[in-house]
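Here is the structure we will look at, set down as structure tokens.
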Amino acid sequence: AYIVPRKGRGPVKLEWMLDEPEDGPMHIINPAFIIKDWDREGFEMKINGKNVEPGRDFRAGYEDTPTGSDLVLWFRMHAREAVEFELSPL
């Protein structure tokens, strides 16, 4: 899983990209992300500017930690080009 870097605690709008590395082609296969200290707030998720809802190809859950709760995201996908992710609190 990727840990999405951020400053602070609680839900805030985050944007990140998985991009092609300098040393050659990339394949993105079923990425997972951990958003530290998000807590258990609701969220809206976009991939390449399009809303996605939890379901068969997108799963979301929370992991309790000593400092709060981390948001864990998993996507069923296979991409050969850059993918943009946007996470916003509700």
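Taking label positions 7 Å along the Cα-Cβ direction at both Ala82 and Trp16, the computed distance is 1.6 nm, reported to one decimal.
Taking 19 Å as the straight-line reach from the Cα of Lys50, the lysines in range (excluding those fewer than 8 positions away in the same chain) are Lys13.
Could you sort 34-41, 3-10 so that the peptide with the highest average Cβ count within 10 Å comes first and the rest follow in order?
Values: 34-41: 16.6, 3-10: 10.8.
The peptides rank, most packed first, as 34-41, 3-10.
For the pair Asp64 and Met26, a Förster radius of 30 Å applied to the C-beta separation gives a FRET efficiency near 0.35, rounded to the nearest 0.05. With R₀ fixed at 22 Å, the C-beta to C-beta distance from Ile3 to Asn51 puts the FRET efficiency at about 0.40. Only one of the listed values, (i) 44; (ii) 33; (iii) 36, was derived from the coordinates as percent of Cα pairs over 20 Å apart; which label is it? Recomputing percent of Cα pairs over 20 Å apart here picks out (ii).
Bear in mind that the values in this text are calculations on the coordinates, not laboratory data. Since the structure is predicted, the reported quantities are computational estimates derived from the model, not experimental observations. Positions of Cβ are backbone-derived with ideal geometry, glycine not excepted, and every protein chain shown enters the neighbour counts.
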